Every structure is written in C-alpha cells, then in structure tokens.
Amino acid sequence: MVNVLFVCLGNICRSPMAEAVLRSKIAQRGLQESIKVDSAGTGDWHIGHVPHEGTRRILDQKGISYADMTARLVSSNDFDSFQYIVCMDDSNVVNVRKLPGGEKAELLTFMELLPDEELREVPDPYFTGNFEQVFALIDAGCDVLLDRIAEERL
Ligand code: 4NP
C-alpha cells in the first residue's frame, strides 16, 4: 500500500481539496487497493472541521466527494505512515520540519509536480478567495503525482 499525505496550513482549503481530487483519480484508475490518501494541517484552528465552503462548492461542481473528511493536525507519526508527504507551500515545509524527526522527513512541495508553472507555491484561497485557480493546479498536479507513484511504486 502506498500512502499519500497532503499538508497545508488549516487543512480546510487546499489539502482536503487535493485529498478529494486524488482519491477520485485513484478510483477512476481502479487503484483503491493500492494507494490511500489523507490530509492534515500545521495549524490547529480548524481541527474537526469539514472543508471550507469554497472547497466544498468547487468539489460539488466537479462531482467529487469529500464525505467524512475533517481537519486534523500533522504529526511526527505521519512520517512513519506516509511515503509521500506533499506540502502546499514553503511555510508548510518549514513547520513540518519543526516537528520531532521532521528534519529528516522526506517532503515534496506540490508545485514540484508542475515545473512549467511559474508559481512555486499553491496560493492559499483562504486569503485569495480563488478556489478555481487552486482547483486547476491541484487537478493537474494530482495527475502528475499519480503517474509518478505508478512509476515508482506500483
Ligand atoms: P488552507 O487555508 O491552509 O489551504 O486550509 C487556510 C485555512 C485557514 C486558515 C489559514 C489558511 N486560518 O488562518 O484559519
């Protein structure tokens, strides 16, 4: 089993969107028994909350389920459980690195998956309000990530 964890700040906008999108692509490719996805945040304000209204609205528009998803904090235990830990922006990387064992954790940034994009971080729609932009990046990046996992691990 390959385990993927997306990390953002609040775990209500970007990383749950990525979790839902990747899970739907995994199902489309029939890989549910091979790849599992989760998401977590570095900040504790929204623990237990469902995804942000903007994330829910765009996932509804696209017919992608976010059932049973609630925010949680990233922790050191995640380093043992997940082979791919994908951070949405550089501050997430800094904060994950501060966790015990975090200096050695293998981390990716989401925008590494999209090297042709000028943006080097996934913009935070909690502040920009632009959930469509984030969805487009996440949709494209999750295709690249799935191809990469299939090549490296399956
Ligand atoms: P996210 O966005 O990291 O994409 O979930 C945010 C959500 C909440 C907050 C910041 C960013 N907040 O400050 O509460």
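The values are calculated or read from the model by the stated rules, or taken from the named source; none is laboratory data. Model, not experiment: these values are computed from the prediction. Note: ideal-geometry Cβ built from the backbone for every residue, glycine included; neighbour counts use all protein chains shown. Just the protein is used for accessible areas: all its heavy atoms, side chains included, with ligands, DNA and RNA removed. Shrake-Rupley method; radii C 1.70, N 1.55, O 1.52, S 1.80 Å.
With a point put 7 Å past each Cα toward its Cβ, work out how far ARG57 is from ASP80 in nm, to one decimal.
For the pair ARG57/ASP80, the computed spacing is 4.2 nm.
Where the accessible area of region 42-130 is counted over protein heavy atoms with a 1.4 Å probe, how much of it, in %, is carbon and sulfur?
On the way: 2500 of 5250 Å².
Reported share for carbon and sulfur atoms: 48 percent.
Cβ under 13 Å from VAL93's Cβ, VAL93 left aside: what net charge do those residues give with Lys, Arg +1 and Asp, Glu -1? Before the final figure, lay out the partial values.
Numbers: positive: ARG97, LYS98, ARG120; negative: ASP89, ASP90, GLU103, GLU106, GLU112, GLU121.
Net of charged neighbours comes to -3.
By how many nm would the segment from GLU112 to SER34 grow when fully extended, if each residue of separation counts as 0.36 nm and the alpha-carbon distance is taken off? Don't skip to the answer; put the middle values down first.
On the way: separation 78, 0.36 × 78 = 28.08 nm, distance 2.31 nm.
Net length gain for the segment: 25.8 nm.
Using a probe radius of 1.4 Å on heavy atoms only, what accessible surface per residue do you get for the chain? Whole Å² is fine. Working shown, then result.
Working: 7670 Å² over 154 residues.
Computed with neighbouring chains in place, this is 50 Å² per residue.
Just to make sure I understand: if all protein chains stay in place, what is the order of TYR84, TYR126 by accessible area at 1.4 Å, largest first? Before the final figure, lay out the partial values.
Details: TYR84 10, TYR126 115 Å².
Final ranking, largest accessible area leading: TYR126, TYR84.
Which sequence of PHE127, PHE6 reflects their accessible areas, 1.4 Å probe, from the largest down? Display every interim value, and only then the final one.
Numbers: PHE127 150, PHE6 0 Å².
Descending order: PHE127, PHE6.
Whole angstrom only: what separates the Cα centroid of region 41-75 from the Cα centroid of region 81-154?
Centre-to-centre (Cα) distance: 16 Å.
Just to verify a number: FRET efficiency for ALA136 and TRP45, C-beta to C-beta distance, R0 = 25 Å, to 0.05? Before the final figure, lay out each step's value.
Values: r = 26 Å, r/R0 = 1.06.
So, using R0 = 25 Å, E works out to roughly 0.40.
Name the shape class, rounded, prolate or oblate, that the alpha-carbon gyration tensor gives for region 58-118, where a ≥ b ≥ c are the square roots of its eigenvalues, rounded holds for a/c under 1.5, and otherwise prolate holds if a/b is larger than b/c and oblate otherwise. List each step's numbers first, then the result.
Values: a/c = 2.41, a/b = 1.33, b/c = 1.81.
Oblate, because a/c is 1.5 or more while a/b does not exceed b/c.
Quick one: which residues, 5+ away or cross-chain, put their amide H under 5 Å from the amide H of LEU73? H built at 1.01 Å from N.
Hits under the 5 Å cutoff: GLY41.
Can you give the calculated 222 nm mean residue ellipticity of the chain, where each DSSP H run of n ≥ 4 adds -39,500 (n - 2.57) and the sum is split over every residue, rounded to the nearest 500 deg cm²/dmol?
Calculated at 222 nm, the ellipticity per residue is -12500 deg cm²/dmol.
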